[in-house]
Amino acid sequence: MAALTDARRLVVKIGSALLVDRATGALRAAWLQSLAADVAWLAGQGTSIILVSSGSIALGRGVLGLPRTDLALEQSQAAAAVGQIRLARAYEEALAPHGITTAQVLVTLEDSADRRRYLNTRATLETLLSLSAVPIVNENDTIATDEIRYGDNDRLAAQVAVTVGADQLILLSDVDGFYTGNPASDPTASRFDRIDRITPEIEAMAGDAGSGLSKGGMKTKLMAAKMATAGGCAMAITEGSPLNPLKTLNDGAAATWFSAQMDPHTARKRWIGAMKPRGRITVDAGAVRALQSGKSLLPAGVVQVSGDFGRGDPVEIAGPEAHKLGQGLTRYTAAEARAIQGCRSGDIEARLGYPGRAALIHRDDMAL
């Protein structure tokens with residue numbers, strides 16, 4: 001099984017039932033403190049960590065005195081608004097004694113569907129990780145409607161893992177892995193230690209059962225596994241209720257590991273390379289050399305901009321003889337790119353009238 005300490009970048013999903021006591025609606029403070037100790041231990045090993053955490057609605061409904069049955073949308077959003085403050089504070093207080101800075105990032109499905117928002121989310125998370133902060137990501141339940149919801153944090157966690165190019169995704173759950181059937185009703189059900197490929201037979205084994213506080217069942221976990229592994233991220237489902245759940249997993253606790261189909265870097269390059277370009281950016285010979293040495297594309301090397309594209313759109317990158325070098329996701333619109341072509345990064349604000357990013361296309365958003 002994979003060692004968590006081998007991961008350069010790790011995403012951990014925490015369900016509501018792990019954070020919030022079902023009977024009282026109170027935070028399980030001792031468990032959260034043990035998780036914080038695990039995060040500090042992994043960070044000390046050089047691993048960057050993102051936590052995707054449920055729990056805001058579960059915490060907020062108790063404060064507001066809402067019933068523990070299904071809530072109307074507006075009640076869920078009100079509970080989330082109250083609970084998000086408490087959830088963020090709980091993580092901050094648990095991680096601060098270890099010298100770890102936390103950040104709250106709230107997203108919706110619309111943020112990943114729109115390439116401009118996707119790139120902004122990616123840039124924010126990358127910057128937080130570069131500053132050794134631990135982002136606490138949750139769905140923005142206070143504003144999300146059914147049409148723009150992930151609906152469960154399993155798939156949100158998989159999307160985050162793919163967005164940041166994580167090596168591993170851990171779903172801390174109320175079950176210790178993926179079984180051939182529902183172990184609660186089928187005594188013959190057996191757990192998979194490892195799944196290298198998600199076949200139709202594997203999909204047929206997934207049930208719908210979830211806990212009283214979380215919406216995710218095994219089907220959503222399997223959907224998360226398909227998304228994560230296709231993006232180059234290995235994924236594990238494991239029982240999260242013991243203290244120090246990450247250390248316990250690393251020490252060999254029962255789990256099901258889903259194998260990544262390729263490494264995250266290759267997966268991202270393939271995704272970018274497969275997009276239909278919305279325009280073309282032609283660069284000079286100096287820029288060609290810089291790109292081939294692994295640098296980002298700066299405005300100074302651009303000699304021509306063709307097409308009509310927006311921020312986050314895929315564009316073709318061509319050399320002086322119109323030879324296609326590759327393509328990438330642009331950080332500027334076509335009009336902005338034309339305005340700053342040929343200029344140095346320090347002159348971008350003077351050209352546009354507002355500050356901009358130094359790179360026209362970042363090397364991480366480029367497939368050559």
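A compact table of results
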read-out: Counted residues, the stretch 259-270 - those being surrounded by fewer than 16 Cβ atoms within 10 Å (Cβ to Cβ) and either of a type outside the set (Gly, Ala, Ser) or at pLDDT below 90 (or both); value: 5
read-out: Residue list for the stretch 67-78, filter: over 24 Å from the mean Cα position of the chain (by Cα), of a type in the set (Gly, Ala, Ser) and surrounded by 16 or more Cβ atoms within 10 Å (Cβ to Cβ); value: 78
read-out: Residue count, the stretch 314-331 (criterion: part of a loop (DSSP other than H, G, I, E, B) and either modelled with pLDDT of 95 or more or in contact with a strand residue (DSSP E or B) (Cβ under 6 Å, 6 or more places away or on another chain) (or both)); value: 2
read-out: Single unsatisfied condition, residue 21 versus (1) more than 19 Å from residue 137 (Cβ to Cβ); (2) in contact with a strand residue (DSSP E or B) (Cβ under 9 Å, 6 or more places away or on another chain); (3) surrounded by 20 or more Cβ atoms within 10 Å (Cβ to Cβ); value: (3)
read-out: Residue identified as surrounded by 16 or more Cβ atoms within 10 Å (Cβ to Cβ) and either out of contact with any Pro (no Cβ under 7 Å at 6 or more places or on another chain) or under 17 Å from residue 161 (Cα atoms) (or both) among 4, 64; value: 4
read-out: Only one of 240, 279, 286 that is among the small types (Gly, Ala, Ser), closer than 26 Å to residue 37 by Cα and modelled with pLDDT of 90 or more; value: 240
read-out: Scan of the stretch 333-359 for residues that are in a loop (DSSP other than H, G, I, E, B), among the small types (Gly, Ala, Ser) and within 31 Å of the chain's Cα centre (by Cα), ordered by number; value: 356, 358, 359
read-out: The lone exception for residue 37 - which of (1) at pLDDT 95 or above; (2) surrounded by 22 or more Cβ atoms within 10 Å (Cβ to Cβ) it fails; value: (2)
read-out: Lone unmet requirement of (1) closer than 16 Å to residue 4 by Cβ; (2) crowded, with 17+ Cβ neighbours inside 10 Å for residue 242; value: (2)
read-out: Identity of the residue in the stretch 91-113, more than 21 Å from the chain's Cα centre (by Cα) and part of a helix (DSSP H, G or I), that ends up nearest to residue 46 (Cα to Cα); value: 98
read-out: Any pair with Cβ under 9 angstrom, 6 or more apart, that starts in the stretch 20-38 at a residue that is without any contact (Cβ under 8 Å) to a residue 24 or more places away in the chain and ends at one that is part of a helix (DSSP H, G or I) and crowded, with 20+ Cβ neighbours inside 10 Å; value: 28/18; 28/19
read-out: Failed item in (1) touching a Gly at 6+ places or on another chain (Cβ under 6 Å); (2) closer than 20 Å to residue 331 by Cα, with residue 260 passing the rest; value: (2)
read-out: Matching residues, the stretch 1-58, being acidic (Asp, Glu) and in contact with a Lys or Arg (Cβ under 9 Å, 6 or more places away or on another chain); value: 21, 38
read-out: Strands (runs of 3 or more DSSP E) wholly inside the stretch 229-298 containing at least 2 residues that are more than 25 Å from the chain's Cα centre (by Cα) and not assigned by TED's automatic domain parsing to the domain that holds residue 196; value: 279-283
read-out: Flag for residue 34 being of a type in the set (Ser, Thr, Tyr), more than 15 Å from residue 152 (Cα to Cα) and part of a helix (DSSP H, G or I); value: yes
read-out: Members of the stretch 37-55 that are aliphatic (A, V, I, L, M) and either over 23 Å from residue 85 (Cα atoms) or part of a loop (DSSP other than H, G, I, E, B) (or both); value: 42, 43
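Listed here are the residues, each with its yes/no results for (1) touching a Ser or Thr at 6+ places or on another chain (Cβ under 8 Å); (2) modelled with pLDDT of 95 or more.
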| site | (1), (2) |
| --- | --- |
| 85 | no, no |
| 91 | yes, yes |
| 100 | yes, yes |
| 107 | yes, no |
| 121 | yes, no |
| 128 | no, yes |
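The values are calculated or read from the model by the stated rules, or taken from the named source; none is laboratory data. For clarity, every value in this text was computed on a predicted model and none was experimentally measured. Cβ atoms come from the backbone with ideal geometry, glycine included; neighbour counts cover every protein chain shown.
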